[in-house]
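Report on one structure; see the data block that follows.
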Amino acid sequence: MGRILAIDYGKKRVGIAVTDPMQMIATRLTTVSSHEIWIFLKDYFAKESVEKVIVGYPMQMNNQPSEAVLYINPFLKKFQKDYPDMPLEQVDERFTSKMAFRTMIDAGLKKKDRQNKGTIDGVSATIILQSYLEQKNYIK
């Protein structure tokens, strides 16, 4: 069984989280610049067994895609072209940034650390992945 990799793709930064090989626990892996994501993915896929990639897809309250899809859709298209055999799922990422911020407060992170947008993106990816795992286990 391979890992599941979650991506919170942003215009400037990409938050990345990953499961353990048994797909039980989601852990924040890193945050990289958007222009470095392809190098990161190539290196990571060469080192680790990844079974599936989950990408947060921004939706509005009316269930329509948000304007952020203007830069996420090209990423998704290139990903599918570069990795045609890798299963890719899009999941609703509504409120994950707010949840990430709240999680950091609850964890006791100092204000300076909570203002680091890279940390927020990484925690958001972790929340996306953990929510996916919980939903997946619930459906079984």
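The values are calculated or read from the model by the stated rules, or taken from the named source; none is laboratory data. Values in this document were obtained by computation on a predicted structure and should not be read as measured data. Please note: Cβ atoms are built from the backbone with ideal geometry, for glycine as well, and neighbour counts cover all protein chains shown.
Just name the residue that is surrounded by the most Cβ atoms within 10 Å (Cβ to Cβ) out of those in the range 1-11 that are assigned to a loop (DSSP other than H, G, I, E, B) and in contact (Cβ under 8 Å) with a residue 60 or more places away in the chain. Full working, then the answer.
Initial filter on the range 1-11 (assigned to a loop (DSSP other than H, G, I, E, B)): 1-2, 10-11.
Add one more test, that the residue is in contact (Cβ under 8 Å) with a residue 60 or more places away in the chain, and what stays is 10-11.
On the way: Gly10: 23, Lys11: 10.
Only one residue tops the list, namely Gly10.
Filter the range 12-28 down to residues that are more than 18 Å from Leu88 (Cα to Cα), more than 10 Å from the chain's Cα centre (by Cα) and part of a strand (DSSP E or B), then give me how many there are. The total comes to 2.
For the range 12-42, taking the residues that are in contact with a Phe, Trp or Tyr (Cβ under 8 Å, 6 or more places away or on another chain) and more than 19 Å from Ile127 (Cα to Cα), the one that is surrounded by the fewest Cβ atoms within 10 Å (Cβ to Cβ) is identified as Ser34.
Among residues of the range 54-65 that are within 17 Å of Lys136 (Cβ to Cβ), those with a beta-carbon under 7 Å from a residue that is at pLDDT 65 or above and part of a loop (DSSP other than H, G, I, E, B) at least six positions away or on a different chain give the pairs Gly56/Glu93; Tyr57/Glu93. Restricted to the range 35-133, the set of helices (runs of 4 or more DSSP H) holding at least 2 residues that are at pLDDT below 65 and under 12 Å from the mean Cα position of the chain (by Cα) comprises 96-106.
Does Leu5 qualify as being at pLDDT 95 or above and in contact with a helix residue (DSSP H, G or I) (Cβ under 8 Å, 6 or more places away or on another chain)?
Values: at pLDDT 95 or above: yes; in contact with a helix residue (DSSP H, G or I) (Cβ under 8 Å, 6 or more places away or on another chain): yes.
Considered against the rule, which asks whether it is at pLDDT 95 or above and in contact with a helix residue (DSSP H, G or I) (Cβ under 8 Å, 6 or more places away or on another chain), Leu5 comes out as yes.
Sub-6 Å Cβ pairs linking a first residue in the range 70-93 that is closer than 19 Å to Glu36 by Cα to a second residue that is of a type in the set (Lys, Arg), at least 6 apart or interchain, are Tyr71/Lys11, ordered by first then second residue.
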